[in-house]
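One structure is given below, encoded as structure tokens.
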Amino acid sequence: MDSCFYLFINGAFVGYSQVSHAVSEFDITDRLHEGGSQITVAVLKCCDDTYLEDQDKWRMSGIFREVYILSRESGTVRDYRVTAEPNSDLTSAEIHVTVESEKSCTLRLLSPYGELLCEQSGHGAALTVDRPQCWTAETPVLYGLEILCGDEVIYERVGIRKIEVKDGSLWFNGRRIKLKGVNRHDHDPKIGFYCSYEAMRRDLELMKSLNLNAVRTSHYPNAPEFYHLCDERGFYVIDEADLETHGCIEVYNTFEWKDEYRGIALIAQDERFADAILDRERLLVSRDVNRPCVLLWSLGNEGGWGDNLRAAARLIKEMDLTRPTHYADFRNCLDGKGEHELDTVSIMYVTQDYVRDYPQSDPDAAGRPLAVCEYAHAMGNGPGDLENHHQSIYGNDAVAGAFVWEWCDQGIYLGDTADGRPKYAYGGDFGEVPNDDCFCIDGMVLPDRRPHAGALEAKNVHRPVRVTKTADGYVFKNMLDFAPIDEHYLFRCTVVDNGRVLAERQITLDLPAQESRIVPIPEAEGVQGDHVMLDIDILHDGQEVGFEQITLCRAEPALPAAADGTVRETADSYILTVCGTAATVSKRSGTIVSFMRNGRELLAEPMQFNAFRAPLDNDCKIRENWKKGFADRLVPKIYKIQSDGSRVICHLAMGYAAYEPLYRAEIVYAPYAGGITVTIHAEVNEKLQYLPRFGIRLFMRRDM
């Protein structure tokens, strides 16, 4: 319940609880009446823990997780712990079970197919499994565990797997793995923070179809059922405590956002919050410690570093030594003591050079693997450039993978438009002040889970098989870490020349995980044409999971043929004429102000040089740079314009006011057999980090 609540049974106070995304339990036995009882819950919007729950999401108070009353036999199971790890060569596994109860228990281990493997009695057991079927995100095999205590039977699913940090890499069941992940909030466009079991299953099925294999529960433990689904469907989970202190940044920061992000660490260093932070870490681990899908424990998000977080890391290791720890904000610190408690390095939105060169690029690496917990911001038309990120990640064994921010647009459904399209609200649409505008509309999928284009890009970047052309044939590489490419996969190969099908064939492979094989495709050899491509559609059980497109042959484009054109000079322009075309270049602007074809004017207004486009949401940090350089209103300043008899050569600068030009350029206009060529060589001002756009605009007449 967000953010805290008081519980009353039949008018009598029972208890108080806070930590919005954790389980709260109360013994109400003595408060119940025969024949029916009244439960009253007073939910408060804010409390002191609100300072610890400043996550990037909507602020909606109320009850959003399951509420139920459980009647149980006295003296039965209070808690239990399961660990299941294989030995180094995966030939056997030990499953250890400990049970807290007053009564003795019977523990029964079942195979993935429901067969009884062994049975023991007591409050604990060590159960051995020969030739175990290990759990991975690609092969989510689950054993069964029955705990019989009194009249109660508890059924638990067990995944056998081993997580290690060694040799500077993240290892899972004896192999280095790559996390192809996404950050996920519990969010539904119609019912807010409550997510039904069906909605969570749909999320994971869609993630699977996009070739994702990992989820970071940003920035709190997701609904408990979500982890059972991750066990079943196969996802690695970075499980995150309900902790973020984003608001503290403003204590040291300026309105211009100059620096001092380290102010976020105020609460991390404040002893008044020490117990509250430890409570959140304890609740995280105690609830999810038996879940096979949980790969890393994350202390939280963007809360800075200090003694409270150091103690939190130590507490997690006391509770569970089978999983490494993760946290992305240890560099923002007020006490200067440094960090030595975490098992992985995590950082957000780093350059591809940093990832490619890690650990040399990071003085804090200390032999630990890198997990980029947020990258490729999926806002506006993002995420983009994922292929280059992929190359950086897969080219470095020290990099465990990366997680797109974020899964879904956190829009609130407002109804449909007149033409039947859904309307969604974002920050400010309810008149609330302050708000973060559209900053929660930053997902790979729409609020109703229709994929954005960036999601489809991610799908193909993460395709399970990659194909490259070599002199010996076509190299098929299995990009999966554990699962083979087998009879469930089909490769549909089509040779196409400008859309015309020249040949087709289908290929099946038996290719172990992480291995490659050269496969001949005779139909793709020796073909000629204008633009011949080999299209390879990758299908798994009939569903497309990716594609390749390889250029086989492409005719060199013919260079513009020289023509007997003329260049005539007038007082204020040059007129280039060739083959029925006449282009007038202004000496004042350096642009084409008239373009005649067979006596007909084609331009509605003069040509313009263009260095601007509408800023996108992800341009939020750079758009002020563009504005300062007047990228949206540049005008040319001509330094020299002349003709050598066959061409017009113009030297100009594009600028506006107060600052030096945004770029300087040489433009060459020349006639050729089909018209006029325009060649531009430009040098951009080094003060401009990114040029919004570079080109020319031609304004055609409306009757065209």
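The values are calculated or read from the model by the stated rules, or taken from the named source; none is laboratory data. Here the structure is a predicted model, which means the values were calculated and not measured. Please note: Cβ atoms are built from the backbone with ideal geometry, for glycine as well, and neighbour counts cover all protein chains shown. In case anyone asks, the SASA skips ligands and DNA or RNA and just uses the protein heavy atoms, side chains included. Shrake-Rupley method; radii C 1.70, N 1.55, O 1.52, S 1.80 Å.
Take segment 526-648 with all the other protein chains still there, run a 1.4 Å probe, and you get 59 Å² of accessible area per residue.
Helix 197-209 axis versus longest C-alpha principal axis of the chain: approximately 50°, rounded to the nearest ten. Between ILE518 and ILE680, residue separation times 0.36 nm minus the direct Cα-Cα distance comes to 53.9 nm. If you sort LEU502, LEU210 by accessible surface, 1.4 Å probe, largest first, the order is LEU502, LEU210. Centroid-to-centroid, using Cα positions, segment 22-75 and segment 181-237 are 23 Å apart.
Using the Cβ-Cβ distance between LYS337 and LYS166 with R0 set to 22 Å, the FRET efficiency from 1/(1 + (r/R0)^6) comes to roughly 0.25.
Once the Cβ-Cβ distance of ASN625 and ASP497 is raised to the sixth power relative to R0 = 51 Å, the FRET efficiency obtained is 0.70.
Just list whichever of LYS57/LYS459; LYS190/LYS258; LYS258/LYS337; LYS178/LYS317; LYS459/LYS687 have alpha carbons separated by over 27 Å in the model shown. Violating the 27 Å Cα-Cα cut-off are LYS190/LYS258; LYS459/LYS687.
Here's how it looks for ASN290: its modeled amide H is under 5 Å from none belonging to a residue 5 or more places away or on a different chain. How would segment 108-208 be classified by its alpha-carbon gyration tensor: rounded, prolate or oblate, with rounded meaning a/c under 1.5 and the a/b versus b/c comparison settling the rest? Judged from the Cα gyration tensor, segment 108-208 comes out oblate (a/c at least 1.5, b/c at or above a/b). FRET efficiency for the pair ALA365 and THR139, taken as 1/(1 + (r/R0)^6) with r the Cβ-Cβ distance and R0 = 22 Å, rounds to 0.10.
Taking the helices alone, the chain has a mean residue ellipticity at 222 nm of -3500 deg cm²/dmol, built from -39,500 (n - 2.57) per DSSP H run of at least 4 residues and averaged over all its residues.
Site-free segments of the chain were taken between GluC sites (Glu not before Pro) in DSSP loops having at most 14 other Cβ atoms within 10 Å, sites themselves excluded; the longest one is 261-431. Distance between the modelled labels on LYS208 and SER104, one decimal in nanometres: 4.2 nm (7 Å Cα→Cβ projection). The long axis of helix 224-233 is offset from the longest Cα principal axis of the chain by roughly 70 degrees.
Extending 7 Å from Cα along the Cβ direction at CYS553 and again at ASP486 yields two label points whose distance is 4.0 nm.
Could you tell me which chymotrypsin sites (Phe, Trp or Tyr not before Pro) in segment 407-492 are loop residues by DSSP with no more than 16 other beta carbons within 10 angstrom of their beta carbon?
Values: sites: TRP407, TYR413, TYR424, TYR426, PHE430, PHE439, TYR474, PHE476, PHE482, TYR489, PHE491; in loops: TRP407, TYR426, PHE430, PHE439, PHE482.
When the chymotrypsin sites (Phe, Trp or Tyr not before Pro) of segment 407-492 are filtered for loop state and at most 16 Cβ neighbours within 10 Å, PHE430, PHE439 remain.
With +1 on the Cβ of every Lys and Arg and -1 on the Cβ of every Asp and Glu, and nothing else charged, how large is the dipole of the chain about its Cα centre, in debye rounded to the nearest 20? All intermediate terms of the calculation are to be shown ahead of the outcome.
Values: 75 positive and 110 negative charges, 588 e Å.
It works out to roughly 2820 debye.
Available extension along the chain between LEU32 and ASP644 is 210.3 nm, counting 0.36 nm per residue and deducting the alpha carbon span.
Any chance you could run the full-extension gain for TYR6 through VAL668? It's 0.36 nm times the residue separation minus the Cα-Cα distance, nm to one decimal.
Working: separation 662, 0.36 × 662 = 238.32 nm, distance 7.66 nm.
The span from TYR6 to VAL668 would gain 230.7 nm if fully extended.
Candidates PRO671, VAL495, PRO661 compared by Cα position along the dipole of the chain: farthest toward the positive end lies PRO671, with charges placed on Cβ.
Taking all protein chains in place and a 1.4 Å probe, what share, in percent, of the accessible surface of the chain do carbon and sulfur account for? Spell out each step's value before the answer.
Values: 16720 of 34030 Å².
The C+S portion of the solvent-accessible surface of the chain is 49 percent.
For a test of the definition: using alpha carbon positions, the gyration tensor, and the 1.5 limit on a/c, classify segment 10-147 as rounded, prolate or oblate.
Details: a/c = 3.10, a/b = 1.64, b/c = 1.89.
Oblate is the answer for segment 10-147, as a/c is 1.5 or above yet b/c matches or exceeds a/b.
Counting only DSSP beta bridges with both residues in segment 125-283, the antiparallel share comes to about 65 percent. For segment 116-271, dividing the convex hull volume of the Cα atoms by the residue count gives 239 Å³ per residue.
Applying a DSSP loop filter and a limit of 15 other Cβ atoms within 10 Å to the chymotrypsin sites (Phe, Trp or Tyr not before Pro) in segment 278-358 leaves TYR349.
Work out the P(r) tail for segment 330-461: percent of alpha carbon pairs separated by more than 21 Å, whole number.
Looking at segment 330-461, the distances longer than 21 Å represent 54 percent of pairs.
Please say if the chain is rounded, prolate or oblate, where rounded means a/c under 1.5 for a ≥ b ≥ c the square roots of the C-alpha gyration tensor eigenvalues, and otherwise the choice is prolate for a/b larger than b/c and oblate otherwise? Prolate.
Converting phi to 3J(HN,Hα) with the Karplus coefficients 6.51, -1.76 and 1.60 and the offset θ = phi - 60°, segment 517-534 yields 8, 8, 10, x, 10, x, 4, 9, 9, x, 7, 10, x, 6, 8, 9, 10, 9 Hz in sequence order, with x at every glycine or proline. Counting only protein heavy atoms and a 1.4 Å probe, segment 23-91 has 71 square angstrom of accessible area per residue. Once both axes come from the Cα atoms, what is the angle between helix 274-288 and the longest principal axis of the chain, in degrees from 0 to 90, rounded to 10? Once rounded, the angle reads 80 degrees. Accessible surface calculations at 1.4 Å, restricted to protein heavy atoms, place segment 228-301 at 38 Å² per residue. Dipole orientation for segment 204-294: of the candidates VAL215, LEU266, LEU283, VAL215 has the Cα lying most toward the positive pole (charges on Cβ; Lys, Arg +1; Asp, Glu -1).
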